[in-house]
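A.B. asks: Can you read through this structure? Questions will come right after.
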Amino acid sequence: MKTTFVPFSKVLEAQQEVWGLVTAQVPDKDNEVCDYVGSKPYYEAVVAEFTKATAGGNIFPLRAMHQLKAAGKGIGIDFRDADKEIHMGFKVVDKDEWQKVQEQVYTGFSHGGSIVGKMWTDPDFKGCQRYIVSPSEVSLVDNPCLGVAHYTMVRANGKIDIIKLRSIYDIPIIGKDGGKTK
C-alpha cells in the first residue's frame with residue numbers, strides 16, 4: 001500500500017472539520033512525487049462511488065492511521081489543477097480521533113491506496129520517483145511526510161491558532177560524523 005503524509009491546512013473545532021492537502025505534485029520525505037494528472041481520475045472515481053452510495057452524505061472514506069477504523073467522512077474536495085494538488089475536507093465523527101486532532105496528536109493527512117503501474121524517474125525533481133495512486137482512503141496521521149508548512153486551528157470560541165510545522169526542506173540533515181550537512 002502506498003501512503004503519503006500531508007499536514008492539515010485548517011481545523012474547524014466547532015464543526016469537527018479538518019481541511020488540507022491530501023496530495024500534491026511535490027517531493028515527500030521518501031523522495032517520491034504523486035503524479036497529479038494521472039491520479040486525479042482515480043480520486044474522482046472514489047468521490048463518484050461514495051457520493052452515489054451515500055446520496056452525497058460522504059464523498060470519501062476517512063480513517064485513523066491507515067487502520068480499518070472509520071474516523072469520519074469526506075465533505076469537500078477541490079482539485080487545484082494549476083497547483084497540481086488535491087485539497088479535501090472531512091468531518092471527524094469518532095470522539096477519540098477528534099480529541100487527537102484537537103490535541104495535535106494528528107497533524108496531517110495521508111492517502112492510502114495502490115500504485116498504478118510502475119514508478120518512474122521524476123522529470124522535475126532530481127533524485128525522486130514519480131507514481132500514480134489509486135486511493136482507497138485518506139487517514140488522519142501523526143507524522144506528515146509531505147513538506148507543506150502549516151495548518152490553522154479555528155477554536156470553538158473563534159480564537160485562531162496558526163500551528164507551523166517544519167517543512168522537510170527546513171530540517172537539517174545530520175551527517176555520519178554528527179555534523180549538519182544542510
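The values are calculated or read from the model by the stated rules, or taken from the named source; none is laboratory data. Values in this document were obtained by computation on a predicted structure and should not be read as measured data. FYI the Cβ positions are ideal-geometry reconstructions off the backbone, even for glycines, and counts take in every protein chain you see. Areas reflect the complete protein model, heavy atoms only, side chains present, ligands, DNA and RNA absent. Shrake-Rupley method; radii C 1.70, N 1.55, O 1.52, S 1.80 Å.
A.B. asks: In nm, to one decimal, how far is the Gln15 label point from the Val116 one, both placed 7 Å along Cα→Cβ?
C.D. replies: 3.0 nm
A.B. asks: Above 18 Å lies some portion of the pair distances; for the range 1-133, what is it as a whole percent of all C-alpha pairs?
C.D. replies: On the way: 4750 of 8778 pairs.
More than 18 Å apart: 54 percent of the Cα pairs in the range 1-133.
A.B. asks: Can you work out the accessible area per residue across the range 1-123, with the rest of the protein chains kept in place, probe 1.4 Å, in square angstrom?
C.D. replies: Numbers: 5830 Å² over 123 residues.
Accessible area per residue, the range 1-123: 47 Å².
A.B. asks: Let me ask another. Using a 1.4 Å probe and counting only protein heavy atoms, arrange Thr51, Thr107 so the residue with the most accessible area comes first.
C.D. replies: On the way: Thr51 50, Thr107 20 Å².
Heavy-atom accessible area, descending, gives Thr51, Thr107.
A.B. asks: Using the structure shown, select from Lys29/Lys126; Lys40/Lys73; Lys52/Lys84; Lys40/Lys84; Lys29/Lys73 the pairs with a Cα to Cα distance greater than 21 angstrom.
C.D. replies: Details: Lys29/Lys126 14 Å; Lys40/Lys73 19 Å; Lys52/Lys84 26 Å; Lys40/Lys84 9 Å; Lys29/Lys73 27 Å.
With Cα atoms farther than 21 Å apart: Lys52/Lys84; Lys29/Lys73.
A.B. asks: For Val11, which sequence-distant residues (separation of 5 or more, or a different chain) have an amide H within less than 5 Å of its own amide H, given hydrogens modelled in the peptide plane?
C.D. replies: Under 5 Å from the amide H of Val11 lie the amide H atoms of Trp19, Thr152, Met153, Val154, each far enough along the sequence or on another chain.
A.B. asks: Which aspartates and glutamates have a Cα lying under 12 Å from the Cα of Lys95, excluding residues fewer than 8 positions away in the same chain?
C.D. replies: Correct list for Lys95: empty, as no aspartates and glutamates qualify.
A.B. asks: Then there is this: Calculate one ³J(HN,Hα) per residue across the range 54-71 by plugging θ = phi - 60° into the Karplus curve 6.51 cos²θ - 1.76 cosθ + 1.60, and present them in order as whole Hz with x for glycine and proline.
C.D. replies: These are the phi-based 3J(HN,Hα) values: 10, 6, x, x, 8, 9, 6, x, 10, 10, 10, 6, 6, 8, 7, 10, 5, 10 Hz.
A.B. asks: Which cross-chain or sequence-distant (5 or more) residues have an amide H under 5 Å from the amide H of Ile59, H modelled 1.01 Å from N in plane?
C.D. replies: It is Gly74, Ile75, by chain and number.
A.B. asks: Shifting gears a bit: Counting only residues 5 or more places away or on other chains, whose amide H sits under 5 Å from the amide H of Gly108 once H atoms are built in the peptide plane?
C.D. replies: Amide H neighbours of Gly108, under 5 Å, 5+ apart: Phe8, Val141.
A.B. asks: Still on this structure, please answer the following. Using a 1.4 Å probe on the protein heavy atoms, what percent of the accessible area of the range 27-140 belongs to carbon and sulfur? Don't jump to the answer; show the numbers that get you there.
C.D. replies: Numbers: 2870 of 5590 Å².
Carbon and sulfur together cover 51 percent of it.
A.B. asks: Is the shape of the range 9-64 rounded, prolate or oblate, going by the alpha carbon gyration tensor and its root eigenvalues a ≥ b ≥ c, with a/c under 1.5 for rounded and a/b larger than b/c for prolate? Don't skip to the answer; put the middle values down first.
C.D. replies: On the way: a/c = 2.84, a/b = 1.24, b/c = 2.29.
Oblate shape, in that a/c is at least 1.5 and b/c is the bigger or equal ratio.
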